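Written out below as structure tokens is the structure these notes cover.
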């Protein structure tokens, strides 16, 4: 997602500012001593484990090593989040330390103990009883250490030190995604532990990592990384019934039921590590059989063309930042995404909690997976390149057997300015995972190595990018962005690419933008921006605290292509006058009062309204609902023009006249003034809705459009 370029942002000021952070309905279910109690790693589950989530000692650490602000923190929430118990401190602290006691269950005696971290942002150093047990660099993938040799009888002291450099112009060149502080399109930072921490006992020989992947031909591939040696035995269950067993890495499942978002069928797995007849380790997992691909300019799923109806999902929470408050909250997000009419979520510049992917697998939601963006200059910064490559490799290896992930997106737009490094990462991604299509950069700066052409367009006709067949599949990776603040459910004063007045207006915008995707196009999918508001971004279908802005079934009908605009009458081509200079040119296009005053003066004092209302002075013609006066009349700053259309209806009709303009506009219907907009905007920057009643016959609609500077145009259509 990006700010500006195609459209100006619209600052929304017609709302009450939030009185502090919002909370979700799940916040009340968070138990500070035992938050997130479910098993954290659904893809490789062990029976015995112990959660370390809960209250830890916490402090900020200065560059000189001195600690300050000592307090308690609720892990796994980052200190910036309200649910951490520390969230009142809004300062920037790039060094923090966590401490707690460890008590090893007596029944684990003789076992080795693994300490697991779901994710920590960014550089982590772990000590047990003062002894260093491991280090990790990376903010988005899980890691673990064997801490056995550092343990002692009785209580043990665990210390976790984290360094998360902030400034991308300094040491903070690691991938950050949207973590640049809460402003514009950037959000509150996440520092340190942000996913669950737990321990589990293993033997001297055990399964360290398991990957299980299935394809549409029913071939199951098991890849197990072992500590020690032994034989892997896999049992495959279909709804509780054993359907296959094998001690090889490849197992064929005859007649395998395939996974799709509409029918998300999963097979259960029990994977045992054996030495002779003795089972030395056992984990449980699951697998789905499906294949993502491309054919004849379309994306495919299981060998058939598949159209992805997607939503941009940024995975932020008002009370947890990166960290979801509960597992139920994660499930609800997936269920709501499906209820809105989507079959896919683009996980935008964030890597998600493993249980979110689990619910996508189980409930049926395809995922296009982004890499969190770097904000260094990747084209020339070799150190930043090394960090990005290492972290992206870690993320792909972590997620590549996740059934719901069907698409990789290593870059967003031109963030990080990767240039040729972008091609290197596409090649790396194909090497790590040759089974999925790759969009090299969603929007803008695509290069020839990409599998997919991907456009970002926040206008009211984003489908224009996919109307012609090209040499590879095409998608619109971002569109929409229509803001509607809901009083009492906003984080702060905010913005959107366009703004709606109410729920019906929001639905009208989205219907207009989305319906063309279901016409005759070569598109393989769209991604609407976005699922929820995030901090100052108010363009969600849900508020930041997950309240729908319109009935879910109304959204669903639009996003499934069942609710399309109903056009009224037969509109003629445009008749257009010559332009009349105004000499009233705004100094800027920010929408200042001074600029509005000039536009208002142009509409009031320049041109011959009476002549135009008589149907005189029209010398040009144009086709279509939208007209570009710059193309028709030539570029100009400071001018007015008249444009006329007629509409013929077969009976008395009530309709909405939908008008957009760049910049100001005055409208007459059959010689009577019915609407006026005074301001600075683009044609795609706003949509005026004017209810009209038309009697049977022909009617004349006249527009007078005042130009400030830059673009110049108008659009008009009639809908029921």
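The values are calculated or read from the model by the stated rules, or taken from the named source; none is laboratory data. In this text the structure is predicted, and so the values were computed from the model without any measurement. We place every Cβ from the backbone using ideal geometry, glycine too, and count neighbours over all the protein chains shown.
Descriptive notes on the structure:
- Total residues in the stretch 657-678, condition touching a residue at least 60 places away in the same chain (Cβ under 8 Å) and surrounded by fewer than 18 Cβ atoms within 10 Å (Cβ to Cβ): 1
- Flag if residue 260 is buried (at least 16 other Cβ atoms within 10 Å of the Cβ), in a strand (DSSP E or B) and not assigned by TED's automatic domain parsing to the domain that holds residue 105: no
- Test: residue in the stretch 89-106 that is free of Cβ contacts under 8 Å to residues at least 12 places away in the same chain and part of a strand (DSSP E or B): no
- Candidate set: the stretch 522-556, residues that are surrounded by fewer than 21 Cβ atoms within 10 Å (Cβ to Cβ) and in contact with a helix residue (DSSP H, G or I) (Cβ under 9 Å, 6 or more places away or on another chain); chosen: the one modelled with the lowest pLDDT: 522
- Test set (1) surrounded by 15 or more Cβ atoms within 10 Å (Cβ to Cβ); (2) over 27 Å from residue 276 (Cα atoms); (3) out of contact with any helix residue (DSSP H, G or I) (no Cβ under 9 Å at 6 or more places or on another chain) - residue 254 fails condition number: (1)
- Note on the stretch 502-521: among residues that are modelled with pLDDT of 90 or more and part of a loop (DSSP other than H, G, I, E, B), the one that is surrounded by the most Cβ atoms within 10 Å (Cβ to Cβ) is 521.
- If the condition is being more than 18 Å from residue 196 (Cβ to Cβ) and outside any strand (DSSP E or B), then the stretch 107-121 contributes 107, 108, 109, 110, 111.
- Within the set 383, 338, the sole residue that is surrounded by fewer than 24 Cβ atoms within 10 Å (Cβ to Cβ) and either within 27 Å of residue 481 (Cβ to Cβ) or modelled with pLDDT under 95 (or both) turns out to be 338.
- The set of residues in the stretch 662-712 that are more than 31 Å from the chain's Cα centre (by Cα) and within 23 Å of residue 539 (Cβ to Cβ) comprises 663, 677, 679.
- Residues of the stretch 354-374 satisfying the condition of being part of a loop (DSSP other than H, G, I, E, B) and surrounded by fewer than 23 Cβ atoms within 10 Å (Cβ to Cβ): 364
- Of residues in the stretch 425-463 being in contact (Cβ under 8 Å) with a residue 12 or more places away in the chain and in a helix (DSSP H, G or I), the one farthest from residue 372 (Cα to Cα): 463
- Tally, over the stretch 387-404, of residues that are touching a helix residue (DSSP H, G or I) at 6+ places or on another chain (Cβ under 6 Å) and either in a helix (DSSP H, G or I) or within 16 Å of residue 440 (Cα to Cα) (or both): 1
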